[in-house]
């Protein structure tokens, strides 16, 4: 049986010690203990992904119209489509996530590669069984306003990923809270996830 692939989309873009990255690393370590996977990592930072210009979109649409996905502009989409598991790590910023993650998603949303249009609407083409969205927040994530995870969950559905799960460590900057204790508690629960 072939070894499965886990794609880690690292949007932990802080220049200081990232609590989100620590949580992601601990999750990946726990996941690898229980699953025989190869981990591929995409680090999303300035320069690794960029928004499309009108000219680039025209070029991309031309390749898609010809069913030609061999151009390097489709590398991230191919990698995403072929992963068996996906982990996205991003801090909770302004009720969502850093804008670079949205740019990454724009790069992987490719008609004919990660999804297609069928008679009944959009149909996902990705192989992933599960997507884990890992985030940390200085405050508390408002239950009805977790727009980052809600967006990722909707994208997962469109791309055919069967299950999406949010793992979060919250309240890390609230006076009186111990960020280390909060992160440690979430890490101790990873085995159950």
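Readers should treat all values here as calculations from the given coordinates under stated rules, not as data from a laboratory. These figures come from a predicted structure and were not determined experimentally. Backbone-built Cβ (ideal geometry, glycine too); neighbour counts: all protein chains shown.
Length gained on full extension, residue 174 to residue 14: 55.7 nm, using 0.36 nm per residue less the C-alpha separation. The convex hull defined by the C-alpha atoms of region 1-48 has an orientation-averaged projected area of 3.7 nm². The relative contact order of region 4-192 comes to 23 percent, based on Cα pairs under 8 Å that sit 6 or more residues apart.
Grab the Cα-Cα distance for residue 53 and residue 102, subtract it from 0.36 nm times how many residues apart they are, and report the gain in nm with one decimal. Working shown, then result.
Values: separation 49, 0.36 × 49 = 17.64 nm, distance 1.52 nm.
Length gained, residue 53 through residue 102: 16.1 nm.
Per-residue Cβ neighbour counts within 10 Å put 33, 4, 21 in the sequence 33, 4, 21, beginning with the fewest. Modelled spin labels at residue 117 and residue 162, positioned 7 Å past Cα toward Cβ, are 2.9 nm from each other. For region 4-192, the alpha-carbon radius of gyration amounts to 1.07 times the rule-of-thumb value 2.2 N^0.38 Å expected for a compact globular protein. Label point of residue 145 set 7 angstrom out along Cα-Cβ; within region 66-95, amide nitrogens under 15 Å from it belong to 92-95. Here the residues 185, 34, ranked from fewest to most Cβ neighbours within 10 Å of their Cβ, fall in the order 34, 185.
Quick check on region 4-192: of the DSSP beta bridges with both residues there, what percent are antiparallel, nearest 5%? Let's see the in-between values first.
Working: 5 of 31 bridges.
About 15 percent, rounded to the nearest 5.
Dividing the helix sum by the residues of the chain, where each DSSP H run of 4 or more adds -39500 (n - 2.57), gives a mean residue ellipticity at 222 nm of -11000 deg cm²/dmol. Over all directions, the projected convex hull of the C-alpha atoms in region 89-193 averages 7.7 nm² in area.
Ordered by the count of other Cβ atoms within 10 Å of each Cβ, fewest first, 74, 80 give 74, 80.
Could you tell me the distance between the Cα centroids of region 114-193 and region 35-112, to the nearest Å? Computed from Cα coordinates, the inter-centre distance equals 18 Å.
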